[in-house]
1. Tell me which residues come under 5 Å, amide H to amide H, from F106 once H is placed; ignore anything under 5 positions away on its chain.
2. Which of the three applies to region 68-134, rounded, prolate or oblate, going by the alpha-carbon gyration tensor with a ≥ b ≥ c and a/c under 1.5 meaning rounded?
3. What order do you get for K37, K67 when you list them from fewest to most C-beta neighbours inside 10 Å?
4. Determine the sum of side-chain charges near S124: Lys and Arg each +1, Asp and Glu each -1, restricted to other residues whose C-beta is under 11 angstrom from that of S124.
5. How much net charge surrounds N72 when only other residues with a Cβ under 12 Å from its Cβ are counted (Lys, Arg +1; Asp, Glu -1)?
6. If we count every other residue with Cβ under 11 angstrom of N109's Cβ, Lys/Arg +1 and Asp/Glu -1, where does the sum land?
7. With each pseudo-label sitting 7 Å past Cα toward Cβ, what's the D97-K37 distance in nm, one decimal?
8. In whole Hz and in residue order, list the ³J(HN,Hα) couplings for region 46-60 that follow from phi through the Karplus curve 6.51 cos²θ - 1.76 cosθ + 1.60, θ = phi - 60°; x for Gly and Pro.
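What follows draws every value from the coordinates through simple rules; no lab data is involved. Please read all numbers here as calculations on a predicted model, not as lab measurements. A quick note on method: Cβ atoms are made from the backbone with ideal geometry, for glycine too, and the neighbour counts reach across all protein chains shown.
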Amino acid sequence: MALAAVFTGVLVGASTAVAAQADVPCPPDSLCLYEDKDFGGYMIAFPAGSAVPSLHEYLCLGCNSSKHPGSNNTWGDMLSSWRNTSDIGYCQFRNIDYNGNTYYGFLANYEVSYVGKGLNDEISSFHPAPCPEY
């Protein structure tokens, strides 16, 4: 399991993402996921073009979900807001391994301060577009 914890600007155990407190800016050419709405809580940054079959593989020590307590301390089912500073759009999936409901969600050069009640704490994997259902 990759460690994406409270260490500001450092990801221990993986080379493709950086975890930090949310007050750290989202780097250029990155997809940043936030634990809480309004870009709050913890943040993890993935380089443009990343494909992540399981956000549950990235630790987020201190991340908690009342909807999915079994996912606590990982990035799986923790997403409440996001910021994409790249030219690449992404497909979001409710389940790991790009399964479950599919959403064309992380639009290029866009941000969403709250994903809404239906998607809050629900995303478990993502990959660059095109999306299978779109």
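1. Correct list: Y90, Q92.
2. It comes out oblate by the Cα gyration axes.
3. K67, K37
4. On the way: positive: R94; negative: E57, D77, D97, D121, E122.
For residues surrounding S124, the net value is -4.
5. Every neighbour counted, the sum reads -2.
6. Surrounding charge for N109 is -2.
7. According to this spin-label approximation, the distance is 3.4 nm.
8. Residue by residue, region 46-60 yields 10, x, 3, x, 5, 10, 10, x, 7, 5, 5, 7, 9, 5, 9 Hz.
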